[in-house]
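Laboratory data are not the source of any read-out in this text; all were calculated from the coordinates shown. If you're wondering where the values come from, they're calculated on a predicted model, not measured in any experiment. Note that each Cβ is placed from the backbone with ideal geometry, even for glycine, and that neighbours are counted across all protein chains shown.
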Amino acid sequence: MQQMNKINIYQERRLKLAKQIQAKTGSGIAIVTTAPEVARNRDSEFPYRHDSDFFYLTGFEEPGATLLMRVSENGSSLNLESHLFCRPKDPEREIWDGIRLGPEAAPEILGVEFAHSNFDLDSKLSELLADQDAVYVRLAESAEADRRLRHWMKQVRQKTRSGVNPPSEFHDVEALIHEMRLFKDAHEIEIMRRAAAISARAHVRAMQICRPGMREYQLEAELLHEFRNSGSQSVAYNSIVAGGGNSCILHYRAGSNELRSGELCLIDAGCELDGYASDITRTFPVNGKFTGPQRALYDITLAAQEAAIAMTKVGNTFMQPHEAALNVLTQGLLDEKLLKLTELGSLDNAIETGAYRRFYMHRTSHWLGMDVHDVGSYREPMETSESPVKDEKPWRVLKSGMVITIEPGLYIRPADDVDEAFWNIGIRIEDDAVIDESGCKLISRGVPVKANEIEALMKHS
């Protein structure tokens, strides 16, 4: 029953995509290919990870696969044929690389109508493309994808004397799929809750084990242990474990630097579970106790996150949480005299002139889902816009089912005009929020966030 429910989820998604194609062009054919394997060196590949769009429509994780959806109209009804091209069974290769599903088993296991060997893709495509009004592909995806599409179209055009008509329109299939992926269903949200819970435990583990003299990579190892030990398949992105001044480098990788007493450690890490990402950041004192300047900036950052959380609700725009956080952060910078009120004149001017960007240079949120920076437009998908700025669409209105991160930060690098007490303090606090009719629910709060709670956890470890 569980397998059938999973099949139904992917069938429903394909049907929803087919209905959009029908509404747009009547008939059409959509082609979505999974990610290729990538060589790490002469002897091995990077651990394989499927393409998110392909997995969203199929639930299939093997490399070398292509989904083809053929949509046609039959009176007022819609006909949908889903064709999966996958690696054929090969006992010799399966000894080395693992068991393959194979085209014979794919229809029953994946709920597609037809399955073929991927060796037959080129020969079958000319047949399946025939007499279709439109083709939905990833436009300008890669030189190789463009070459293959030209090859398939050439094959169809060679049959025109036999009465076959080639497609005359080309559309971006990503635009349709990504709009679907922006809104998570209950199945997706449940996976993301579990992923966030695993990641929260990993952050707790790192806080508990952290001691002055440890290396950044040792804390990274603790994160990875908890991720895999709890059943996640991978990291959702390269983990950031940054001690001291490294915390001011936004995309720093865990290195061999020593974690020193009196400094902060910033960890931005999340696991991937069943194809879905989590994304949590916490900042804590290496010795378990915030200094005065560290605590001051930490409390400002947490207040900014709380202000953003309050604005993360249905009906507000994507930018309103960022604007709320920005107001708190900039006021805090003025209060701590990292920005000079005598020079800037007011909070509004400090924001308008971008003076804060020296210490806060990123937005407060991004979409979260199958990809850590998930797909979906941050602007309203409108053909015409009432925005006062010419040709600029308004910011996206938040709706139930969207999932975003909320992650304000402050990053104080050494400078002649900055109080030395604040040097090398980098703080970011990030949680994952599911938007619903009640506002938003934070699914990553299994790890402490208040400074007193962090200190208490580390004290009793």
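Quick look at the numbers
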| quantity | calculated |
| --- | --- |
| Under 18 Å from residue 159, Cα to Cα: lysines that are on another chain or at least 8 residues apart | 124 |
| Degrees between helix 2-25 axis and first principal axis of the chain (Cα, 0 to 90, nearest 10) | 80 |
| Among the listed pairs 399/459; 313/459; 19/441; 24/154; 154/184; 16/441, those beyond 29 Å (Cα-Cα) | 399/459; 313/459; 19/441; 154/184 |
| Globularity ratio of the chain, using Cα Rg and 2.2 N^0.38 Å | 1.12 |
| Contour minus Cα-Cα distance for residue 141 and residue 400 (0.36 nm per residue) | 90.2 nm |
| Chain lengthening between residue 104 and residue 209 when straightened (0.36 nm per residue, less Cα-Cα) | 32.8 nm |
| Electrostatic dipole magnitude of the chain [Cβ: Lys, Arg +1; Asp, Glu -1; Cα centre; debye, to 20] | 260 |
| C-alpha center-to-center spacing [region 447-461, region 306-353] in angstrom | 27 |
| Shape category assigned to region 186-459 from the gyration tensor of Cα positions, a/c cut at 1.5 | oblate |
| Computed FRET value (nearest 0.05) for residue 335 with residue 123, which takes r as the C-beta separation and R₀ as 51 Å | 0.15 |
| Cα→Cβ-extended label distance, 7 Å offset, between residue 97 and residue 46, nm | 1.8 |
| Spacing of the two label points (7 Å from each Cα toward its C-beta) at residue 9 and residue 459, in nm | 4.3 |
| For residue 270, residues with placed amide H under 5 Å, excluding near neighbours | 236, 237, 280 |
| Pairwise FRET efficiency - residue 35 versus residue 228, Cβ, R0 = 22 Å, nearest 0.05 | 0.55 |
| Region 2-178, Cα convex hull volume normalised per residue, Å³ | 137 |
| The chain: calculated mean residue ellipticity at 222 nm from DSSP helix runs of at least 4, using -39500 (n - 2.57) | -11500 deg cm²/dmol |
| Nearest-0.05 FRET efficiency for residue 289 and residue 438, computed from C-beta distance (R0 56 Å) | 0.95 |
| HN-Hα J in Hz across region 188-200 - Karplus 6.51, -1.76, 1.60, θ = phi - 60°, x for Gly and Pro | 5, 5, 5, 4, 5, 4, 5, 4, 5, 5, 4, 5, 4 |
| 17 Å Cα-Cα reach of residue 337 towards aspartates and glutamates, excluding residues that sit fewer than 8 places from it in its own chain | 299, 348, 416, 417, 419, 420 |
| Shape category assigned to region 253-376 from the gyration tensor of Cα positions, a/c cut at 1.5 | oblate |
| Label-to-label distance, nm, for residues given as residue 131 and residue 306 (7 Å Cα→Cβ offset) | 6.7 |
| Net length gained if the chain between residue 250 and residue 114 were fully extended (0.36 nm per residue, minus Cα distance) | 44.3 nm |
